[in-house]
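*Asks:* Dropping a structure here in structure tokens format, bear with me for questions.
The values are calculated or read from the model by the stated rules, or taken from the named source; none is laboratory data. Owing to the predicted nature of the structure, the values given are computational and were not obtained by experimental measurement. Ideal geometry is used to build each Cβ from the backbone, glycine not excepted, and the neighbour counts take in all protein chains shown.
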Amino acid sequence: MKVSIILFSLLFTLTAFGQSIVTDRPTQTTGPTSVDKGVFQLETGMQYSRDDGTTSGVVQLPINLFRLGLGKGFEIRLINGLSFRKTFSKIEASFSNLQLGFKAQLLNKPEKKTQIGLIAHGVMSTGADSWKSGQRGGVFSLAVNHQINDNNGLSYNLGYEIYSFGSIDNNFMMRNVFFTLNYSHSMTERLGIFTEVYSAITDVDDFHEDQLSLNFDAGLTWLLRDNLQLDYSFGFGIADRMNFHALGLSFYIAPKKK
């Protein structure tokens, strides 16, 4: 109880910062801007998803993105969470892959109405053996945002993922080239909506054909306070069988101005 009181006190008092929160969730497109120096931001939520026509889905709770600003235009990032699924008569739980990386702003000039950022993560599998989607690897992407006007924006990512599976003696590689395209609209100062398409081409050793995925999602964000935001999103597969629903909460804690 004391921990909860302290947390909410921090949320509502350590925010003499003068700007609204900017998050990377709930979109698949990662934004190009970093959090400011000394700012700690947590973006967390839950997601229910099903794919490949399976009758039982996967619940991810929580899905966490931790962000900490280290300097002008530079932040470190950590991504991790928990996943649950039902197999036969039992429920299995596992940590998701641990991702540790950074975001660096390459361009952020308001008069140009364009921001560009570079994002990189190293990936290490921390889940149960039956859940592991990649033993180790990396994710690299270029993020671009164009502010069309005060209420509309267009952003996209172009990236590359590489993962290594198996043991040293029996190893194979998986490579993804991915692209996202996001359109966002501010309905009011507090309420925003977005729609998005995202795609990946996957190449796996010993497979004769590359695999293509193409998906759609949409959702909304609700700014409760300058440092506190709720979100909802849903998505489905266009080129494959997949659907999901997600809810999230994001907040930042900033040092008081002197």
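*Asks:* I need a count of the residues in the range 147-163 that are of a type outside the set (A, V, I, L, M) and surrounded by fewer than 17 Cβ atoms within 10 Å (Cβ to Cβ).
*Replies:* Just the residues of the range 147-163 that are of a type outside the set (A, V, I, L, M), to begin with: 147, 149-153, 155-157, 159-161, 163.
Within this subset, residues satisfying the condition of being surrounded by fewer than 17 Cβ atoms within 10 Å (Cβ to Cβ) are 147, 149-152, 160.
The qualifying residues number 6.
*Asks:* How many residues are of a type in the set (Lys, Arg) and in contact (Cβ under 8 Å) with a residue 40 or more places away in the chain if we restrict to the range 97-129?
*Replies:* Let us first name the residues in the range 97-129 that are of a type in the set (Lys, Arg), namely 103, 109, 112-113.
Narrowing further to those that are in contact (Cβ under 8 Å) with a residue 40 or more places away in the chain: 103.
Selection size over the range 97-129: 1.
*Asks:* What tally of residues in the range 219-231 results from selecting those that are surrounded by 17 or more Cβ atoms within 10 Å (Cβ to Cβ) and closer than 14 Å to PHE194 by Cα?
*Replies:* Total satisfying the criteria: 3.
*Asks:* Related question: Output the number of the condition that VAL204 fails; it satisfies all remaining conditions of (1) at pLDDT below 95; (2) under 15 Å from the mean Cα position of the chain (by Cα).
*Replies:* (2)
Conditions (1) under 22 Å from the mean Cα position of the chain (by Cα); (2) modelled with pLDDT of 90 or more, marked per residue:
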{"position": "SER4", "(1), (2)": "no, no"}
{"position": "LEU14", "(1), (2)": "no, no"}
{"position": "PRO32", "(1), (2)": "yes, yes"}
{"position": "GLU43", "(1), (2)": "yes, yes"}
{"position": "MET46", "(1), (2)": "yes, yes"}
{"position": "LYS72", "(1), (2)": "yes, yes"}
{"position": "PHE95", "(1), (2)": "yes, no"}
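*Asks:* Additional query: Do we find a residue being at pLDDT 90 or above and farther than 21 Å from TYR48 by Cβ anywhere in the range 81-92?
*Replies:* No, because not a single residue in the range 81-92 is at pLDDT 90 or above and farther than 21 Å from TYR48 by Cβ.
*Asks:* Go through the range 183-214 and give me each residue that's in a strand (DSSP E or B) and of a type in the set (Ser, Thr, Tyr).
*Replies:* TYR183, SER184, SER186, THR195, TYR198, SER199, THR202, SER213
*Asks:* Within the range 235-251, which residues are in a strand (DSSP E or B) and of a type in the set (A, V, I, L, M, F, W, C)? Outline the logic, then answer.
*Replies:* So the first thing to find is which residues in the range 235-251 are in a strand (DSSP E or B), and the list is 235-237, 242-251.
Answer for the range 235-251, where residues must be in a strand (DSSP E or B) and of a type in the set (A, V, I, L, M, F, W, C): PHE236, MET242, PHE244, ALA246, LEU247, LEU249, PHE251.
*Asks:* Counting only residues that are surrounded by 15 or more Cβ atoms within 10 Å (Cβ to Cβ) and aliphatic (A, V, I, L, M), which one in the range 77-103 is nearest to VAL139 (Cα to Cα)?
*Replies:* If we take residues in the range 77-103 being surrounded by 15 or more Cβ atoms within 10 Å (Cβ to Cβ) and aliphatic (A, V, I, L, M), then LEU100 is nearest to VAL139 (Cα to Cα).
*Asks:* Sort out which residues of the range 153-196 are charged (D, E, K, R), modelled with pLDDT under 95 and in contact with a strand residue (DSSP E or B) (Cβ under 7 Å, 6 or more places away or on another chain), and write them in order of number.
*Replies:* Result: ARG175, single match.
*Asks:* Same structure, new question: Filter the range 244-258 down to the residues that are modelled with pLDDT under 95 and of a type outside the set (A, V, I, L, M), then identify the one that is surrounded by the fewest Cβ atoms within 10 Å (Cβ to Cβ).
*Replies:* Taking the range 244-258 as the starting set, the residues that turn out to be modelled with pLDDT under 95 are 254-258.
Next, only the ones that are of a type outside the set (A, V, I, L, M) stay: 255-258.
Numbers: PRO255: 14, LYS256: 9, LYS257: 7, LYS258: 3.
Ranking the candidates gives LYS258 first.
*Asks:* All but one of (1) over 18 Å from LEU61 (Cα atoms); (2) surrounded by fewer than 16 Cβ atoms within 10 Å (Cβ to Cβ) hold for PHE234; state the number of the condition that does not hold.
*Replies:* In the conditions (1) over 18 Å from LEU61 (Cα atoms); (2) surrounded by fewer than 16 Cβ atoms within 10 Å (Cβ to Cβ), PHE234 misses (1) alone.
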